[in-house]
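Q: Just dropping this structure here.
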Amino acid sequence: MKKLINAIKGLSAQEAGIFLTEIFSSSKENSDKFFQTLKYLKENNNDELIVFFKNYLKPIWLDDQIKKAILISQEQFIENAEQYHKVLLTVPETLQEMLKNTEIAKKQTLEFREMMKAGWKTAIHTDQMAGVPIPPIQKNVDPNQKVISLPEVDDSIIVNKDIFYCIKNRISRRKYSESNISLKALSYLLWATQGVTEVMFEGKMTKRTVPSGGSRHSFETYLVVNYVEDLKEGVYRYQPLDHKLVYLFDTENRQEKVKQAALGQDFVGHSAVTFIWSVIPYKCEWRYMLESKKIMLQDSGHLCQNLYLACESLGLGTCAIGAYDQVLFDKFLNLDSVDEFTLYVAPVGKPI
Ligand SMILES: Cc1cc2nc3c(=O)[nH]c(=O)nc-3n(C[C@H](O)[C@H](O)[C@H](O)COP(=O)(O)O)c2cc1C
């Protein structure tokens, strides 16, 4: 074992991982030797192996099952040697694939930097210039869908009116109680993030509580309602022009599904309400085409920041969620992932 540890000392975590796992998963004989060594180390209270696991293998991003096999304690490893040996057989392949992905990702990361830069100089005849009608501000409501009026927005429910206080105390809050928030609070949060303050050009454009490049406001707000007073649990869409909610559907294991779509982040599923902002890219592309991708991403930050500050002012908490499963959230909301897809998520609740 000492020889083995010496051999990998100069290697990177990934290289060491591949080297080690290839050795002890290569044959039954080797793996027997490996486990005998483990037993020896354990009997002699030698913690070198544990140090090895911590230093060399822990930083490696592996799937949960493999991680478990590698990072469990030495005692557990020995007790379940046979079972873990099977799992370890798959490690070299997983690591090789990860290294390959990393190489591709390095190149892509450099390419993606270009996306953050301003263009503006390319002469393009946009759909707006071509006279294509401006995309509608809000979706139509089917006559069978239930529409819910929201309480009027005023400052009567605001606990902290001091903007300095709200900015200073804003943090990401990830622990919420299971108590209801009021419908009036929800109404205020929707207004603060997407509320219409002015309708222009015969209803074709809006100004809102958040800025947006070219006032394109390319987002839809969906809500997963868990604990809101006077509002049935389920999934809703916000109609910004009307300041109303449209009830869309409810689904079994709603909270668990949202948690899974948020890559297992429990608090995203167990909020009072979770905001899911989708984007309809054409709303912006109609005017800006190549520049729109940057504008839409810039715009989405305004929504979430206003949600943070509005939550602070109500004594509620939120947390921006960028780590989510694109396919699962789009599927959850029945979005086609082409003309409309999930962009940003934010759970809200009473902080504990
Ligand atoms: C674009 C973006 C994506 C984020 N995604 C997540 C996330 O998926 N999960 C999470 O727990 N926090 C997420 N956060 C919250 C950050 O972790 C947090 O803002 C950061 O740690 C700074 O802490 P603060 O917000 O309390 O100042 C995200 C924040 C931003 C702005």
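The values are calculated or read from the model by the stated rules, or taken from the named source; none is laboratory data. Nothing here was measured: the structure is a model prediction, and the numbers come from that model. With ideal geometry, Cβ positions are generated from the backbone for all residues, glycine too; neighbour counts draw on all protein chains shown.
Q: Within the range 310-327, count every residue that is more than 12 Å from the ligand (Cβ to nearest atom) and more than 19 Å from the chain's Cα centre (by Cα).
A: If we filter the range 310-327 for residues that are more than 12 Å from the ligand (Cβ to nearest atom), which is where we start, we get 310, 313-316, 326-327.
Next, from what is left, pick out any that are more than 19 Å from the chain's Cα centre (by Cα): 310, 313-316.
Number of matching residues: 5.
Q: While we're on this one: Basic (Lys, Arg) and without any contact (Cβ under 8 Å) to a residue 40 or more places away in the chain - does that describe any residue in the range 284-291? Show your work before the answer.
A: Let us first name the residues in the range 284-291 that are basic (Lys, Arg), namely 287.
Subset that is without any contact (Cβ under 8 Å) to a residue 40 or more places away in the chain: none.
Within the range 284-291, not a single residue is basic (Lys, Arg) and without any contact (Cβ under 8 Å) to a residue 40 or more places away in the chain.
Q: Pairs, please: C-beta under 8 Å, at least 6 apart or cross-chain, first residue closer than 13 Å to LYS161 by Cα and in contact (Cβ under 8 Å) with a residue 40 or more places away in the chain and in the range 298-317, second of a type outside the set (Val, Ile, Thr) and within 11 Å of the ligand (Cβ to nearest atom)?
A: Correct list of pairs: LEU309/ARG170; CYS311/ARG173; CYS311/GLY317; GLU312/ASN169; GLU312/ARG170.
Q: Kindly indicate whether any position in the range 260-282 is within 13 Å of the ligand (Cβ to nearest atom) and without any contact (Cβ under 8 Å) to a residue 12 or more places away in the chain.
A: Among the residues of the range 260-282, at least one is within 13 Å of the ligand (Cβ to nearest atom) and without any contact (Cβ under 8 Å) to a residue 12 or more places away in the chain, which makes the answer yes.
Q: Got a sec? Which of GLY315, GLY269 is in the same structural domain as LYS175 (by TED's automatic domain parsing), of a type in the set (Gly, Ala, Ser), surrounded by 16 or more Cβ atoms within 10 Å (Cβ to Cβ) and farther than 30 Å from LYS121 by Cα?
A: Exactly one of GLY315, GLY269 is in the same structural domain as LYS175 (by TED's automatic domain parsing), of a type in the set (Gly, Ala, Ser), surrounded by 16 or more Cβ atoms within 10 Å (Cβ to Cβ) and farther than 30 Å from LYS121 by Cα, namely GLY269.
Q: So, in the range 177-235, exactly how many residues are closer than 15 Å to LYS350 by Cβ, hydrophobic (A, V, I, L, M, F, W, C), surrounded by fewer than 21 Cβ atoms within 10 Å (Cβ to Cβ) and touching a Lys or Arg at 6+ places or on another chain (Cβ under 7 Å)?
A: 0
Q: Here is a follow-up. State which residue is nearest to the ligand (Cβ to nearest atom) when the search covers only the range 328-352 and only residues that are within 16 Å of THR251 (Cα to Cα) and surrounded by 15 or more Cβ atoms within 10 Å (Cβ to Cβ).
A: Restricting attention to the range 328-352, the residues satisfying the condition of being within 16 Å of THR251 (Cα to Cα) are 328-335.
Next cut, surrounded by 15 or more Cβ atoms within 10 Å (Cβ to Cβ) only: 328-330, 332-333, 335.
Working: LEU328: 14, PHE329: 12, ASP330: 17, PHE332: 16, LEU333: 18, LEU335: 19 Å.
Looking at the filtered set, the residue picked out is PHE329.
Q: If you go through the range 158-176 one residue at a time, do you hit one that is at pLDDT 95 or above, over 27 Å from GLY195 (Cβ atoms) and surrounded by 12 or more Cβ atoms within 10 Å (Cβ to Cβ)?
A: yes
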